[in-house]
Amino acid sequence: MTAMLSTDTPTTEPILRMTGISKTFPGVKALSDVALDLRPGHVTALIGENGAGKSTLVKILTGIYQPDGGSIQIDGREVTLPTAEAAQDLGITAIHQETVLFDELTVAENIYIGHAPRNRYGLIDWAAMHARAAAILHGIDAPISTRARLKDLSIAQRHLVAIARALSIDARIVIMDEPTAALSYKEVEELFLIIDRLKKAGKAILFISHKFEEVWQICEYFAVFRDGRQVGAGRLDEVSHNDLVKLMVGRDVTQAFPKLDAEIGEVVLKVDGYCHPTEFDQVSLELRRGEILGLYGLVGAGRSEVCQALFGVTRPSAGSVTLNGRPIAVRSPSDAIDAGIVYVPEERGRHGAITAMSIVANISLPSLKVTSRRNFLRMAEEFALARQYAERLDLRAASLSQPVGTLSGGNQQKVVIGKWLATLPKVIILDEPTKGIDIGSKAAVHAFMSQLAVEGLAVIMVSSEIPEILGMSDRVIVMREGRMAGLFERQGLTPEALVRAATGNKEAAA
Amino acid sequence: MNTIRSLLARREALLVLACLILLVAITARFPAFSTPRNLAGVFNDTSILIMMALGQSAVILTKSIDLSVAANVALTGMTVAMLNHLAPGLPLVVLILVALAMGMLLGAINGFLVWWLDIPAIVVTLGTMTIFRGLAFVLSGGAWVNAHEMSRPFLELPRTVLLGLPVLSWAGLLAIVLAALLFTRTGLGRAFYATGGNAVAAVYAGIDIGKTRFLAFVLSGTVAGLCGYLWVSRYAVAYVDVASGFELDTIAACVIGGVSTIGGVGTVGGVVLGALFLGIIKNALPVIGISPFWQMAISGAIIITAVVINARGERVKGRIILRRKELPL
Ligand SMILES: Nc1ncnc2c1ncn2[C@@H]1O[C@H](COP(=O)(O)OP(=O)(O)OP(=O)(O)O)[C@@H](O)[C@H]1O
Ligand SMILES: [Mg+2]
């Protein structure tokens with residue numbers, strides 16, 4: 001056993017040292033000559049804009065991509081990581097940005113795929129596997145049955161499974177690529193407790209996040225990437241928040257939540273007594289022209305489910321929806337789109353992007369009726385449409401005909417948002433719109449959203465990020481366990497009030 | 001240098017190259033093979049495969065498969081041949097419309113079962129493949145319809161030369177143009193790609209993926225129906241085992257042409273070249289004097305090679321790169 005390392009030692013020797021790492025994709029230099037050190041018992045934050053090359057570095061460290069050049073040393077010894085297995089054997093584990101899990105397998109199988117515990121005949125020891133998986137899930141306070149099929153879990157639960165999977169590998173180097181993106185503050189706190197534990201156990205942790213508060217809360221070291229280069233690294237206590245932002249973006253970022261005063265008009269969407277057999281009950285809301293209605297709650301509170309029902313993906317069991325005073329029956333997404341209601345789903349990989357198709361084809365997909373004439377598609381129109389939204393959303397891509405699958409995570413998210421805005425809806429429902437989007441672009445998305453509200457769009461914004469909810473919403477509805485737990489006006493709304501409504505206090509529940 | 005490499009990364013260019021190499025090799029021993037006349041003959045010979053492979057590719061793009069196309073050819077071909085035999089006065093136009101309608105109906109049955117009953121396409125079409133052939137047997141009682149039982153116009157249409165090419169070749173060319181328009185210039189074509197590329201995202205984008213698959217099957221069936229007539233007319237005979245195993249050739253042409261078997265990726269150009277590649281081999285091997293059994297083994301080896309190339313292409317993701325002349329952002 002190595003001795004416990006004090007987290008205060010200012011000069012811990014790095015376990016992992018990467019130098020001169022480069023990686024080129026066709027047409028893009030994703031990484032050029034970057035360096036990174038990871039120290040035992042410490043968390044190093046890796047920050048950078050969307051497409052800066054963070055995930056590419058993670059994939060190199062986990063043996064998924066091979067670097068074009070550079071060296072990787074572990075404990076001072078030069079290593080190569082030709083396969084994912086090799087990386088795992090060297091004690092490197094990662095929670096990837098796009099979680100790669102198996103829908104048809106159980107939670108325990110997902111956690112232990114590739115390294116299932118064996119009995120003495122070399123066969124899989126199912127009892128041990130379930131017991132250990134349950135122990136890990138318990139450790140991260142995730143109440144998920146190890147026998148549940150992955151396809152039956154919510155996005156946040158899947159994410160927790162991905163975290164459990166990373167923890168199930170006894171590793172010395174733990175990489176987390178935007179682990180908090182899908183989580184609400186409660187799960188985030190749990191995750192931070194785990195990170196603390198890992199730190200105390202002497203693991204070296206690489207933490208990637210676009211949320212600076214988190215970085216300041218748990219990291220000691222930082223490295224900043226910009227356009228595939230490392231533009232700064234060091235101890236976090238020696239820099240300020242603004243220093244980091246400037247390093248990352250190359251300029252000052254103006255106001256975080258650029259909310260404009262929109263004129264709030266008449267009621268556009270009215271939902272009354274909306275129920276679903278399992279997911280939500282008696283939800284009623286009114287949404288006005290020019291309004292941004294925040295929908296806050298813990299993960300699993302039923303917010304996304306309400307939105308999916310409004311969009312016609314699932315069927316409610318009771319309740320009515322009126323749009324501009326007329327009752328509407330939405331039976332499918334195409335009904336919703338025709339009525340002028342669109343939904344930007346949370347999980348871009350599964351619901352949002354068609355990765356083999358180009359950026360243009362993705363953005364124009366729900367707008368083909370508009371861009372085509374007499375049933376014939378017009379490429380020039382599609383390009384014009386795509387370019388317009390790509391520019392407004394600050395999309396970073398080598399070309400508009402690039403397949404979406406080759407974009408960075410945050411840029412894929414921008415494509416998905418752009419695709420829905422391009423349909424010029426009356427009501428837009430944004431589910432975690434800035435998940436995985438960097439600070440600079442986040443401001444761009446917020447500004448755009450605000451601008452659209454001014455132009456008369458009605459917006460429902462589901463978010464688990466309290467600052468975003470407080471900064472952007474005119475009114476906030478809080479949901480808890482499928483029911484409405486509060487309706488708040490923007491004026492005088494505090495984070496505490498939101499959290500109290502979302503968790504429910506004990507006396508009321510009794 | 002870089003442009004050459006990126007050009008080579010494209011399946012179409014690779015196939016053109018492969019076809020050329022093949023032609024050069026064959027011509028080295030049999031110069032007569034590459035005369036324009038013979039090449040036009042090869043194209044004419046491959047026209048039916050091209051048409052049906054294009055229909056098949058629409059289905060595969062939506063992440064389904066149609067195993068019943070060859071049986072469709074047999075049943076439709078038998079039906080029109082018998083009609084022609086029993087009612088020689090019936091105008092050819094009517095027979096062709098019957099072939100189209102019947103093929104469409106058979107395709108619609110497949111599509112309907114896949115759409116409404118949610119049965120996997122491979123199961124549905126494996127079933128209908130047997131049923132269609134069974135019906136062809138029931139209809140004919142196992143008897144053949146031979147050339148002398150068919151009317152002259154019925155036999156002559158595909159062979160009629162128009163502007164230097166037989167009608168059969170023109171049908172193939174027309175199919176290519178229509179497919180290119182459908183795949184790249186219409187909402188339905190885009191829906192094929194979206195449905196196979198990410199079905200859930202397609203649903204969210206307002207695409208009815210069930211209907212899209214249904215239409216892909218209808219398309220594939222209609223083309224097969226037309227080919228049913230073309231086939232019995234060209235070979236001047238109709239019997240139950242007509243086009244036996246031909247469904248595999250259509251799938252092979254798609255796979256060789258770079259259509260991803262998991263849906264969402266593929267081009268008309270690739271499919272046509274894939275079909276031509278198979279066509280050249282089929283026509284050349286007998287010339288070189290290789291036995292039919294070797295021909296089957298060679299075709300099989302080529303299919304496996306193509307699948308391997310596809311799989312590698314998917315891994316490096318370089319194959320689907322759309323970087324032609326870029327419009328700057
Ligand atoms: N498989 C690929 N093929 C081509 N280009 C790619 C591929 N993967 C990544 N890239 C490109 O490499 C660059 C870096 O991407 P990467 O995913 O590492 O960014 P990131 O820093 O993780 O961004 P984000 O914050 O959005 O997740 C981007 O320009 C991206 O488009
Ligand atoms: Mg990333």
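The values are calculated or read from the model by the stated rules, or taken from the named source; none is laboratory data. Quick caveat: nothing in here was measured; it's all calculated off a predicted structure. Cβ coordinates were reconstructed from backbone atoms using ideal geometry, including for glycine residues, and neighbour counts include every protein chain displayed. We work out accessible area using only protein heavy atoms, side chains counted, and drop any ligands, DNA or RNA first. Shrake-Rupley method; radii C 1.70, N 1.55, O 1.52, S 1.80 Å.
As a length-normalised measure over Cα pairs under 8 Å and 6 or more apart, the relative contact order of chain A settles at 16 percent. On chain B, 74 percent of the accessible area sits on carbon and sulfur atoms, based on a 1.4 Å probe.
By how many nm would the segment from A:Arg378 to A:Leu260 grow when fully extended, if each residue of separation counts as 0.36 nm and the alpha-carbon distance is taken off?
Full-extension gain reported as 38.9 nm.
Solvent-accessible surface of chain A, taken per residue with a 1.4 Å probe and all protein chains present: 42 Å². The long axis of helix A:185-200 is offset from the longest Cα principal axis of chain A by roughly 0 degrees. Full extension of the chain segment joining B:Val94 with B:Thr184 gains 29.3 nm, where the gain is 0.36 nm per residue of separation less the Cα-Cα distance. Give me the extension gain from B:Leu248 to B:Trp144: residue separation times 0.36 nm, minus the current Cα-Cα distance, reported in nm with one decimal. Roughly 35.0 nm would be gained on extension. Estimated from helices alone, the mean residue ellipticity of chain A at 222 nm is -9500 deg cm²/dmol (sum of -39500 (n - 2.57) over DSSP H runs with n ≥ 4, per residue). Using a 1.4 Å probe over protein heavy atoms, the accessible area lost on pairing B with A, summed over both chains, comes to approximately 2800 Å².
In chain B, the DSSP-assigned H stretches of four residues or longer account for a calculated mean residue ellipticity at 222 nm of -24500 deg cm²/dmol, using -39500 (n - 2.57) per stretch and the full residue count as denominator. Applying a threshold of 20 Å to the alpha-carbon distances of A:Lys369/B:Lys211; A:Lys59/A:Lys419; A:Lys54/A:Lys246; A:Lys246/A:Lys442 flags A:Lys59/A:Lys419 as lying beyond it. Residues of the stretch B:188-208 buried by at least 10 Å² of accessible area upon assembly of all protein chains, compared with the chain on its own (1.4 Å probe): B:Arg190, B:Tyr193, B:Ala194, B:Gly197, B:Asn198, B:Val200, B:Ala201, B:Val203, B:Tyr204, B:Ala205, B:Gly206, B:Ile207. A Förster radius of 51 Å, combined with the Cβ-Cβ distance separating A:Gln66 from B:Lys211, puts the computed FRET efficiency at roughly 0.75. Placing dummy labels 7 Å off each Cα toward the beta-carbon, the span from B:Val161 to A:Ala128 is 7.9 nm.
Modelled spin-label separation between A:Leu424 and B:Ala236, with each label point placed 7 Å from Cα along the Cα-to-Cβ direction: 6.2 nm.
Just list whichever of A:Lys211/A:Lys259; A:Lys435/B:Lys63; A:Lys259/A:Lys426 have alpha carbons separated by over 22 Å in the model shown.
From A:Lys211/A:Lys259; A:Lys435/B:Lys63; A:Lys259/A:Lys426, over 22 Å: A:Lys435/B:Lys63.
Note on the protein assembly as shown: antiparallel DSSP beta bridges, both residues inside, total approximately 60 percent of the bridges counted. First measure r as the distance between the Cβ atoms of B:Ala13 and A:Arg500, then evaluate 1/(1 + (r/R0)^6) with R0 = 56 Å and state the FRET efficiency to the nearest 0.05. Rounded to the nearest 0.05, the efficiency is 0.30. At a Förster distance of 60 Å, what's the computed FRET efficiency of A:Arg120 paired with B:Met296, Cβ-Cβ distance as r, to 0.05? It comes to 0.80. Placing dummy labels 7 Å off each Cα toward the beta-carbon, the span from A:Asn242 to A:Glu455 is 3.4 nm.
Using C-alpha pairs below 8 Å separated by at least 6 residues, the relative contact order for the stretch A:352-424 is 48 percent.
Here the contact order of the stretch A:321-383, divided by its residue count and restricted to Cα pairs under 8 Å and six or more residues apart, works out to 15 percent.
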